[in-house]
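The structure appears right after this line, and notes come after that.
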Amino acid sequence: MTPSPPARSAPQHPHRITLADFRAAAREVLPATAFDYLEGGAADERTVRWNAEAYERLALLPRVLTGTSGVDTRRTLYGTELPSPIVLAPTASHGLFHPEAEAATVRGAAATGALTTVSTFSTLTLEEIGAAATGPWWFQLYVQRDRALTEELVHRAREAGAGACVVTVDTPVTGLRERDLRNGFALPSHGTPANLASPGGPSTGSRPCAPGSTHQGIHDPRIDPAVGWSDLERLRTVSGLPVLAKGIVRPDDARRAAEAGIGVWMSNHGGRNLDTATAPLATLPAVADAVAGRVPIVVDGGIRRGTDVVKALALGADAVAIGRPYVWGLAVDGADGVSATLRALRRETELALALLGAPDLASLTPDLVGPAW
């Protein structure tokens, strides 16, 4: 079943102030199949639930009488100063959620100074996204079986303005997305990726193929399941960009990345690949110990409140990334909706810092977090 393009007039919500409010509005605006594609996880979706529950199981232990009169949320990543440690994780097919697709996303992020991570499977080309972007952005890469095409994608991203390359390393195969299977979901023409051609076709002009498309066997015909550490090291040399490995949850993998100068992006793909995989927050302290400050650590998965942001930072993350929440905003109100979700989460983060007695991000230390029960 192919969904129709989303409606563009969302019901009025004068008190849309939390990420949950944007989720409710997006559910009203989007076709059910598109909403399920966005929300769904793998199999029983336990990992999707665990990602959020990991934050709920931690309590904050605020300091008092610290004399804090203001808070500073600035964070620098690879030489780029950001007003907030909240960045946008890569998500595919933004044209499925808004007619302006990733152009609206990068504009909405730039309006708040946030960094966007653009998916290999973007609806618009890297060049179109780069032209629309007035703020910083990174490129997320699925390593292709065609390594010449892989290097071409990275070069195109760099020329279009990308400041880093985020290599997804947790997807040798696509997870069992049961909602999509039950819905008979297929990407419509307004959601298909612009940067890749169909298997066996030329690099432009053919219908693209994205993760989750119908194919034989468990492997996607285009994504290389045999990516190794040497591939990431080569990409860093070839691209001339900082490289992060997205999908790390184990301390030993994090240590190896740090030793190679590769940034660590902790993720379980939003619970969309391996069900019952651990929540990144659960292993964050051990990963932070293994990395020992040698490279940045970005954490995604289940972040829905400013208190979640400060918990992740206190336990060792340098930045956090959100995926589904900003897409809810995109679906509801395009670029303005993306900006609104970011502003809501940043405000909650500022409030949490002030109430914790932490004047800046450097003040967020592990002793501010403990078990909720």
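Add -39500 (n - 2.57) for each DSSP H run of 4 or more in the chain, then divide by its residues: what number comes out at 222 nm, to the nearest 500 deg cm²/dmol? Intermediate results must be reported in sequence, preceding the final value.
Working: 12 runs with 141 residues, N = 373.
That comes out to -11500 deg cm²/dmol.
Need one number: convex hull volume per residue for region 260-300, Cα atoms only, in Å³.
Output value, Cα hull per residue: 70 Å³.
Which value results for Rg/Rh of region 235-373 when Rg is the Cα radius of gyration and Rh the Kirkwood radius based on the inverse mean 1/r? Can you show the working numbers first?
On the way: Rg = 15.8 Å, Rh = 16.0 Å.
Radius of gyration relative to Kirkwood radius: 0.99.
Could you state the accessible area per residue of the chain in Å², with a 1.4 Å probe and every protein chain left in place?
41
Highest first, please rank the peptides 88-97, 66-75 by the mean number of other Cβ atoms sitting within 10 Å of their residues.
88-97, 66-75
Restricting to Cα pairs below 8 Å that are 6+ residues apart, what does the relative contact order work out to for the chain? Please round to a whole percent.
Numbers: 824 pairs, mean separation 100.6, N = 373.
Answer for the chain is 27 percent.
5 Å is the cut-off here: which amide hydrogens, built 1.01 Å from N in the peptide plane, fall below it relative to residue 174, excluding neighbours closer than 5 in sequence?
Here the answer is 220, since their amide H atoms fall under 5 Å of that of residue 174.
Give me the dipole magnitude in Debye, nearest 20, for the chain about the Cα centre, with unit charges on the beta carbon: positive for Lys and Arg, negative for Asp and Glu.
Details: 35 positive and 39 negative charges, 45 e Å.
With only Lys, Arg, Asp and Glu charged at Cβ, the dipole is about 220 debye.
Counting only protein heavy atoms, what percent of the accessible surface of the chain is carbon or sulfur at a 1.4 Å probe? Mind showing how you got there, number by number?
Numbers: 7940 of 15210 Å².
It is 52 percent, rounded to a whole number.
Highest mean first, how do 126-136, 271-281, 220-230 rank when packing is the count of other Cβ atoms within 10 Å averaged over residues?
Working: 126-136: 19.3, 271-281: 21.7, 220-230: 15.6.
Ranking, from highest mean packing down: 271-281, 126-136, 220-230.
Residue by residue, what Karplus-based ³J(HN,Hα) values in Hz, rounded to whole numbers, does region 327-337 have, using 6.51, -1.76 and 1.60 with θ = phi - 60° and x for Gly and Pro?
5, 4, x, 4, 5, 7, 8, x, 4, 5, x
With point charges of +1 on the Cβ of Lys and Arg and -1 on the Cβ of Asp and Glu, referenced to the Cα centre of the chain, which listed residue (330, 38, 66) lies farthest in the positive direction of the dipole?
66
Along the charge dipole of the chain, pointing to its positive end and built from +1/-1 on Cβ of Lys, Arg, Asp and Glu, which listed residue (353, 279, 47) has its Cα farthest out?
It is 353, whose Cα lies furthest towards the positive end.
Among 316, 41, 293, which one moves the most in a GNM of the chain with springs linking Cα atoms closer than 10 Å?
The residue that fluctuates most here is 293.
Roughly how tilted is helix 280-291, in degrees to the nearest 10 and between 0 and 90, from the longest Cα axis of the chain?
The answer is roughly 80 degrees.
If the only charges are +1 at each Lys and Arg Cβ and -1 at each Asp and Glu Cβ, what is the size of the charge dipole of region 264-345 around the Cα centre, to the nearest 20 debye? Could the numbers behind the result be given before it?
Numbers: 7 positive and 7 negative charges, 16 e Å.
About 80 debye.
Among 109, 24, 317, which one shows the biggest mean-square fluctuation in a GNM of the chain, springs joining Cα atoms closer than 10 Å?
So, out of 109, 24, 317, the one fluctuating most is 24.
Which entry is the computed volume of the Cα convex hull per residue in Å³ for this structure: [x] 150; [y] 130; [z] 176?
[y]
Please give me the summed charge of the neighbours of residue 252: other residues whose Cβ is under 12 Å from its Cβ, Lys and Arg +1, Asp and Glu -1. Show your work: numbers first, answer last.
On the way: positive: 250, 255, 256; negative: 253, 259, 289.
Spelling it out: positives minus negatives among the neighbours equals 0.
With only alpha-carbon pairs counted, each pair once and no self-pairs, how large is the Kirkwood hydrodynamic radius of region 1-158 in angstroms?
Working: mean 1/r = 0.0536 Å⁻¹.
Mean inverse Cα-Cα distance, inverted, gives 18.7 Å.
Under 10 Å, Cα contacts only: if you run a Gaussian network model on the chain, which one of 48, 299, 238 comes out with the highest mean-square fluctuation?
Sorting by GNM fluctuation, first place goes to 238.
The values are calculated or read from the model by the stated rules, or taken from the named source; none is laboratory data. In this text the structure is predicted, and so the values were computed from the model without any measurement. In this analysis, Cβ positions are derived from the backbone assuming ideal geometry, glycine residues included, and neighbour counts consider all displayed protein chains. To get the accessible areas, we keep the full protein, side chains included, count just its heavy atoms, and leave off ligands, DNA and RNA. Shrake-Rupley method; radii C 1.70, N 1.55, O 1.52, S 1.80 Å.
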